[in-house]
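Below is one structure, written out as C-alpha cells, with a few remarks after it.
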Amino acid sequence: MKYTNLFIPTLREAPSDVTAVCQLLMLRAGYVRQLATGLYIYLPLGWRVLNNINRILKEEMDGIGAQEFSMPILHPAEIWSQTGRWQSIGEEMFRLKDRYGRDMCLGMTHEEIITWLASKELKSYKELPQIWYQIQTKLRDEARPRGGVLRTREFIMKDSYSFDADEKGLEHNYKIHSESYHRIFKRCGLTFYEVESDPGMMGGSTAHEFMAPTPAGEDEIVICGKCGYTANVEIAESIAVPNADTLQGQIEDVETPNKRTVAEVSGFLKTKSSFFIKSILLIAKSEPVLVLIRGDHEIHEKKLTKLLGEFRHASKDEVLNILKVETGFIGPVGHKVKKIADISLRSGTYISGANKSGYHTKGIRPGMDFDTEWADIRMAKADDTCVKCGSVLRSEKVIEIGNIFKLGTKYSVPLNATFLDSNGQENPIIMGSYGIGPARIAAAAIEQSNDKDGIIWPKNIAPFDIQILPLNMVDARTVELSNALYDTIKGSINSLLKRPFEVLLDDRDIRPGVKFKDADLIGIPLQVIMGEKNLKNDEIEIKVRRTSETRKISIDRASEEIIAIYNEI
RNA sequence: CGGGGCGUAGCGCAGCUUGGUAGCGCGCACGGUUCGGGACCGUGAAGUCGGAGGUUCAAAUCCUCUCGCCCCGACCA
C-alpha cells in the first residue's frame with residue numbers, strides 16, 4: 001500500500017493525559033483515537049493489527065475443531081434473568097428498553113446466548129462435543145476505563161464455548177484450549193504466563209488466566225522460579241517470611257499520642273512494621289468481625305469473602321459503638337467479637353492497639369493473650385515462600401490477555417440445556433468458556449516491544465511486513481526503482497505467513513528525516529531505505545527495526561536479499 | 001461511588017492570583033531557500049476560552065450550577 005493512500009496521523013507531541021506506553025505509542029503512531037472515556041476508534045493501521053491477530057485466533061480455533069458463529073450484541077433481559085445475572089450484575093451492564101418497553105441489555109459476554117442456542121439445538125450425546133466461537137464486540141460499563149485500549153467499555157473478544165457430555169470431555173476441551181492459547185500468544189510474539197485464577201463471577205470450579213507481563217499491568221501474579229508455580233495474587237497461596245528475631249518483654253502499654261497507622265506507630269516506636277498487628281473491624285452479614293493481620297501485610301478481600309461472605313468496612317461510629325475505642329488504637333486483646341487472624345501471626349510477639357486512645361500494647365502473643373480463628377487471609381507478595389517447593393516467589397505486574405474457565409453446569413442447568421445420554425437419561429451439558437482480548441494482545445505486544453523511537457512489532461501481527469522509504473521523491477530514478485521494488489516484493493509470497501508480502505511504500509514528498517521518524521514510530525519490522533547517494537552505487541540500505549542494524553545490498557538482487565533478511569529476523 | 005486534577009486554535013501550553021483588544025510553540029495553507037534522522041525565512045487561515053446562569057460599565061479571569069476528560073481508590077465475565 002502507498003503511504004499517500006493511507007490515513008496515518010502520527011503525532012510529534014504526546015497527548016498530555018496518557019499513562020501507559022502502549023497508549024502513548026498507539027496514539028502517536030496513528031493507530032487509534034479516543035472517542036470518549038473507554039471508547040476507541042481504530043484507524044487503518046490499528047485495524048490491520050487487530051485483523052492480523054484475529055486471523056491467528058481463527059486459524060488456531062479452527063485448528064482445534066471450533067466453529068465460528070456470530071451472535072447479537074443486543075440481548076433480551078429474559079435470558080439473563082434465567083441465569084440470575086440480570087439481577088446479580090450491577091451497573092457494569094448496559095441496560096435499555098426497546099420501543100415496547102421490553103428490558104434489553106448489551107452483551108458483556110455470551111454464555112447466556114450460546115447456552116440458549118445449545119438448549120434449543122443440542123439434544124443427543126451423539127451431537128457432542130461441540131466448540132463454538134465468535135469474535136465479537138462486548139460492552140461493559142466499566143467503573144474506570146484506563147490505560148488506553150487496556151480497559152475499555154467496548155471491546156472485541158474472541159469467546160469460545162465448549163459443550164460436553166461429561167467431565168472427561170470438558171477436561172479435554174479445556175486442555176486443547178490451553179494448548180491453542182499457548183500457540184496463539186507465541187505466534188503473536190508475546191511473553192506470557194498461564195496462571196491459576198479466581199473464577200470470579202463466571203462461576204465454575206477451575207480457571208486459568210493468560211497474563212502478559214508489562215509495567216502497565218493492572219493485575220499482579222506471583223511466580224516461583226524453581227517449581228514453576230504461578231498464580232494471580234488474588235488466589236495465590238504462599239508463606240510469609242517470618243520475623244528473623246522476636247520482640248522481648250512482657251505485655252505492657254506504651255504511650256503513642258496521635259499515632260494511629262502502622263507506619264506512624266512503627267516510626268514512633270522505631271520498630272519494624274512486621275512486629276505489628278493491624279486490627280480492622282469489618283461488618284459481615286449481621287456480625288462484626290475483627291480481622292488481624294501483620295503490619296507489613298495486606299488483607300486479601302477475596303480470600304476473606306470466601307470465609308465471611310459479603311462484608312464491608314465498619315464506619316468510625318460503628319467501631320466506637322462495638323469496640324468502645326476509636327480507630328487507630330484498636331487491638332485484639334480483650335474483645336469478645338469474632339476474630340480472624342492471618343496464619344502468619346501464629347508465632348511471635350507483637351504490638352497492637354491498646355484499645356484506649358493514645359496507647360498501644362507491646363508483647364502481645366497471639367493465641368495466648370487473645371483467642372482467634374486462624375485463616376489465610378493475606379495477599380501474597382514478592383519474597384514470600386512458595387507453598388509447593390519452599391523456594392522464594394517473585395511478583396510481576398501483568399495484563400490479562402486471555403482466560404479459560406470450566407463452567408460445568410452453571411449455565412446449562414438454569415437455561416435447561418440438556419441432552420439424552422446413551423441410556424436415554426437427560427443430563428445437563430457440561431460447559432467451558434474461553435476468552436481472548438485481541439486489543440490487549442496488541443497493547444501487550446507494544447508494551448513488551450518498543451524503544452525510544454516507537455513500536456517494534458512482532459512479525460506476525462505487524463500492520464505491514466516491509467516499509468520502503470524512497471528518500472527523494474523528485475528524483476526520477478529513486479521513484480522508478482522504489483516502485484519497481486515495491487511491485488516485486490508485493491508479488492512475492494511471505495512464507496512465514498503463507499500470503500503475499502504486505503508492503504508500505506512511503507511515497508510522500510517530504511524530508512527524509514520525517515520518513516525515518518515516522519517509520520520507526522510505526523514499527524514495521526524491516527525498512528528498505530532508497531537514497532540517491534547509495535543508488536548512484538546501485539545500492540540500497542536495509543534497516544532492521546528491532547536491532548537498528550543496517551546493511552547495504554546491491555540493487556540487482558534486492559528483492560531476494562530483502563526477503564532473505566526478512567526471514568532471518 | 002469517594003478523593004484529587006484539568007477543560008483557552010488540530011496537538012502541547014501561557015494568560016486567571018490583581019476583570020479592560022486572546023497569545024506562544026508545533027502542525028496546517030501559500031511563496032521561496034533547502035533535502036540521509038521530525039529544516040529555515042516570509043505571509044496567512046484557524047478560537048462559541050467546555051456549557052448555562054449570575055456579579056459588573058466590562059468576565060477566559062470573580063461566583064453558582066452543569067457537562068466532559070484524566071489520575072488514585074472502590075469496582076472489574
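Could you say whether any residue in region A:177-192 is within 14 Å of RNA strand B (Cβ to nearest atom) and touching an Asp or Glu at 6+ places or on another chain (Cβ under 9 Å)? Yes, because at least one residue in region A:177-192 is within 14 Å of RNA strand B (Cβ to nearest atom) and touching an Asp or Glu at 6+ places or on another chain (Cβ under 9 Å). Answer yes or no as to whether A:Leu11 is open to solvent by 50 Å² or more (accessible area, probe 1.4 Å) and within 15 Å of RNA strand B (Cβ to nearest atom). So A:Leu11 fits the description; yes. Taking region A:268-358 as the region of interest, the strands (runs of 3 or more DSSP E) fully inside it that hold 2 or more residues being hydroxyl-bearing (Ser, Thr, Tyr) are A:350-353. Against the condition surrounded by fewer than 23 Cβ atoms within 10 Å (Cβ to Cβ), in contact (Cβ under 8 Å) with a residue 40 or more places away in the chain, within 21 Å of A:Thr4 (Cα to Cα) and within 12 Å of RNA strand B (Cβ to nearest atom), how does A:Thr478 come out, does it pass? Criteria met by A:Thr478.
If you check A:Asn423, A:Asn416, A:Asn427 for being away from RNA strand B (no atom under 12 Å from the Cβ) and part of a strand (DSSP E or B), only one passes: A:Asn427.
Give just the number: which of (1) crowded, with 16+ Cβ neighbours inside 10 Å; (2) modelled with pLDDT under 80 does A:Pro366 not satisfy? For A:Pro366, the failing item is (2). Listed by first and then second residue, the pairs with beta-carbon distance under 8 Å, at least 6 apart or on different chains, first residue in region A:338-351 and free of Cβ contacts under 8 Å to residues at least 40 places away in the same chain, second open to solvent by 20 Å² or more (accessible area, probe 1.4 Å) and of a type outside the set (S, T, N, Q), are A:Ile343/A:Trp374; A:Ile343/A:Asp376; A:Arg346/A:Gly367; A:Arg346/A:Trp374.
The rows are residues; the columns are (1) surrounded by fewer than 13 Cβ atoms within 10 Å (Cβ to Cβ); (2) assigned to a loop (DSSP other than H, G, I, E, B); (3) more than 11 Å from RNA strand B (Cβ to nearest atom).
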{"position": "A:Ile524", "(1), (2), (3)": "no, yes, yes"}
{"position": "A:Val528", "(1), (2), (3)": "no, no, no"}
{"position": "A:Asn534", "(1), (2), (3)": "no, no, no"}
{"position": "A:Ile540", "(1), (2), (3)": "no, no, no"}
{"position": "A:Asp556", "(1), (2), (3)": "yes, yes, yes"}
{"position": "A:Ser559", "(1), (2), (3)": "no, no, yes"}
{"position": "A:Ile565", "(1), (2), (3)": "no, no, yes"}
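Scanning region A:121-176 for residues being more than 11 Å from RNA strand B (Cβ to nearest atom) and outside any helix (DSSP H, G or I) gives a total of 18.
Read through the list (1) in the same structural domain as A:Gly189 (by TED's automatic domain parsing); (2) open to solvent by 50 Å² or more (accessible area, probe 1.4 Å); (3) closer than 30 Å to A:Ile239 by Cβ, then give the number of the only condition that A:Asn416 fails. Among (1) in the same structural domain as A:Gly189 (by TED's automatic domain parsing); (2) open to solvent by 50 Å² or more (accessible area, probe 1.4 Å); (3) closer than 30 Å to A:Ile239 by Cβ, A:Asn416 violates only (3).
Among the conditions (1) of a type in the set (A, V, I, L, M, F, W, C); (2) away from RNA strand B (no atom under 13 Å from the Cβ); (3) outside any loop (DSSP other than H, G, I, E, B); (4) under 35 Å from the mean Cα position of the chain (by Cα), A:Ala439 misses just one, which is (2). Would you confirm, using the coordinates I've provided, whether A:Leu39 is in the same structural domain as A:Ala442 (by TED's automatic domain parsing), within 9 Å of RNA strand B (Cβ to nearest atom) and in contact with a strand residue (DSSP E or B) (Cβ under 7 Å, 6 or more places away or on another chain)? Taking the combined requirement at face value, the residue satisfies it.
The values are calculated or read from the model by the stated rules, or taken from the named source; none is laboratory data. Just so you know, these numbers come straight off a predicted model, no measurement behind them. Note: ideal-geometry Cβ built from the backbone for every residue, glycine included; neighbour counts use all protein chains shown. Just the protein is used for accessible areas: all its heavy atoms, side chains included, with ligands, DNA and RNA removed. Shrake-Rupley method; radii C 1.70, N 1.55, O 1.52, S 1.80 Å.
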